[in-house]
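Can you keep this structure in mind? I'll have questions shortly.
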Amino acid sequence: MTMHEMTPSRREDLLLGGLILFLTLILIGTSFFCGWVFLQRMERLYQGHIYPNVYALGVALGGMTPAEAVAALDPVAAQVSTGELVLTDGDRGWSYDWAEAGMSVDATATVQAAYAVGRGPGWREQLSVWLDYHDVWPRFTFDAVTARGLLETLSQKISVPPVEPTLKLENGEIIIVPGMVGRVLDVSSTLAQLQAVGGDLYRVELPLVFADVAPADPDAVNIKAQVEPLLGRSITMMAYDVLTEETLTWTFDREDIAQWLYLAPGPDGRSLVDINKYAIQTTLVTLAAEMGDGRGFRFDEAAQQILDVFDAGGGSLHIYLTHPERVHQVRSGDTVMKLGDQYGMPPGLIVAANPAINPDQLSVGQPITIPSQDILLPNMPIIGKKIVVSLAEQRTRVYENGALLYDWIVSTGLPDSPTHRGTFQVLGKHDNAYASQWDLWMPYFISVYPAGGGVENGFHELPILANGQRLWAGSLGHPASFGCIILGIPDAETLYNWAEVGVTVVIE
């Protein structure tokens, strides 16, 4: 035997090794073929469906079509917190949920990512989807319209307008006090930063972008040329107090008017001097406080009157003087009727101002609100004219500029429907008013005060019944009416023609 000859046992080992290799290759090939067949079959089986073991936001999406998966994810996505957004200006911060800034889970994009799992080009990726759990991270979408709305709302809160130059009278001369730079939120630039952040579940702090806004830079010579003619105007304001019959007078001159002036941008970019109505109101508030007795003005109305007179070059005006509410502490023996006489306020108005009280059972010490006298005197008073009714004498006297003009006998209300005492004024006039409660006509009716229940008391001629008969024709000089003041013929017509709305009526 030579060295190159194999022994039978060696030959058998080689044959056995070759057979094992062959069988192994066949097995591997068969495995690959089976795996390929399996993948092909599963791919056909799950065509148009998400592979098993795929999850998003905790929802098992395996076996669903993309449309079904979107429907399953939508309600869950709506509940997902998208994290915190903090917008800061360097000193302060404003915290929002990202959803308020337009960030939300995109269910459709998330499902698209879930559908792609296991559908890559490599067989290992395709096979792994069947053997392992796959959690797809949610995708997000950014709504720029929602974000812009949030920034614009924030801008209204934090933008600081420039402080424009102001005018100041110093030693009789107008001084221009320089303004201060303001800042406004640059919404577009801040929005661009938000869009660049991208979507994710985390907390982000983002600096806001601001733009400086410079105040006007007025020409001093031009401003002073505008101011001087305005400071030369003078306004005299008068207010007549019906209750005290005094006329209060104030004069506004250079010092006062200087406080009302301000600089406004003109059409050519040059500053214009204008008058500030709200600064006039501030002056009126100060004057009311100086009176110190609760009296005041109809501030907006009075400021507009002053502004109109100022625009006309100056002059005089009358304004309305207001009076405060009062509080009465109930004493023993007080009734609503007695309080009405004491304060000159119809009892019905006292009851209306105190809805929580029982008007038939007042308690000692109980606070009772007495309405402002202004409720009875809503119109600008007519100075120089006054009507006085004496309940004791049953007479009406008419005065003009302090002189007695007429003195008439009248009839006032019966005890169970009295004419109320107080200071009133003419509220309105009707040449022939109808009283449906008593089915009678009241010629030359002059309304004086509300008596409650939608009824107004006032002056009128002897009333006429439905049958044409004059009521109370023989009763003048004695209480006879349901609360009105009855005049004879032709006294009622004379008073009707003489008294305009706003004339003071005192019933005593």
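The values are calculated or read from the model by the stated rules, or taken from the named source; none is laboratory data. Bear in mind that the values here come from a model prediction, so they are computed numbers and not experimental data. As a convention, Cβ positions derive from the backbone with ideal geometry for all residues, glycine included, and neighbour counts pool all protein chains shown.
Out of all the residues in region 186-235, which are among the β-branched types (Val, Ile, Thr), surrounded by 15 or more Cβ atoms within 10 Å (Cβ to Cβ), out of contact with any Pro (no Cβ under 9 Å at 6 or more places or on another chain) and within 28 Å of residue 167 (Cα to Cα)?
227, 235
Related question: If you take the residues of region 286-307 that are in a helix (DSSP H, G or I) and in contact with a strand residue (DSSP E or B) (Cβ under 7 Å, 6 or more places away or on another chain), which of them is farthest from residue 241 (Cα to Cα)?
Step one: filter region 286-307 for residues in a helix (DSSP H, G or I), giving 286-291, 299-307.
With in contact with a strand residue (DSSP E or B) (Cβ under 7 Å, 6 or more places away or on another chain) added as a condition, the list becomes 287-288, 302, 305-307.
On the way: 287: 15, 288: 13, 302: 15, 305: 18, 306: 19, 307: 22 Å.
Selected residue: 307.
What single numbered condition from (1) modelled with pLDDT under 95; (2) more than 43 Å from the chain's Cα centre (by Cα); (3) among the aromatic types (Phe, Trp, Tyr) fails to hold for residue 408?
Just one mismatch for residue 408, condition (1).
Same structure, new question: Could you list, in sequence order, all residues of region 77-104 that are in contact with a strand residue (DSSP E or B) (Cβ under 6 Å, 6 or more places away or on another chain) and under 22 Å from residue 65 (Cα atoms)?
Within region 77-104, just 77 meets the criteria.
Looking for something over 20 Å from residue 204 (Cα atoms), at pLDDT 85 or above and not in a loop (DSSP other than H, G, I, E, B) - is there at least one such residue anywhere in region 87-103? Steps first, answer last, please.
Restricting attention to region 87-103, the residues satisfying the condition of being over 20 Å from residue 204 (Cα atoms) are none.
No, region 87-103 contains no residue that is over 20 Å from residue 204 (Cα atoms), at pLDDT 85 or above and not in a loop (DSSP other than H, G, I, E, B).
Test of understanding: among 428, 468, 458, which residue is crowded, with 22+ Cβ neighbours inside 10 Å and either at pLDDT 95 or above or farther than 29 Å from residue 241 by Cβ (or both)? Please lay out each step first, then the result.
Values: 428 fails: crowded, with 22+ Cβ neighbours inside 10 Å; 468 fails: crowded, with 22+ Cβ neighbours inside 10 Å.
Just a single option satisfies the conditions, and that option is 458.
Still on this structure, I have one more. What strands (runs of 3 or more DSSP E), lying completely within region 406-508, carry at least 1 residues that are touching a Lys or Arg at 6+ places or on another chain (Cβ under 8 Å)? Reasoning before the result, please.
On the way: elements: 422-425, 428-435, 440-452, 455-461, 485-487, 504-507.
Where strands (runs of 3 or more DSSP E) fall fully within region 406-508 and carry at least 1 residues being touching a Lys or Arg at 6+ places or on another chain (Cβ under 8 Å), they are 440-452, 504-507.
Output the number of the condition that residue 145 fails; it satisfies all remaining conditions of (1) more than 19 Å from residue 196 (Cβ to Cβ); (2) of a type outside the set (Gly, Ala, Ser); (3) out of contact with any helix residue (DSSP H, G or I) (no Cβ under 8 Å at 6 or more places or on another chain).
(1)
List, please: which pairs have Cβ atoms under 7 Å, are six or more places apart or on different chains, and start with a residue in region 382-407 that is among the polar types (S, T, N, Q) and end with one that is in a strand (DSSP E or B)?
So the pair list comes out as 394/409; 394/411; 396/387; 396/389; 396/408; 396/485; 396/487.
Out of region 324-342, which residues are of a type outside the set (A, V, I, L, M) and under 17 Å from residue 457 (Cβ atoms)?
Of the residues in region 324-342, the ones of a type outside the set (A, V, I, L, M) are 324-326, 328-329, 331-335, 338, 340-342.
Selection gives 340, 341.
State yes or no: is residue 348 of a type in the set (Gly, Ala, Ser) and either in contact with an Asp or Glu (Cβ under 8 Å, 6 or more places away or on another chain) or at positive phi (or both)?
Numbers: of a type in the set (Gly, Ala, Ser): yes; either in contact with an Asp or Glu (Cβ under 8 Å, 6 or more places away or on another chain) or at positive phi (or both): no.
No.
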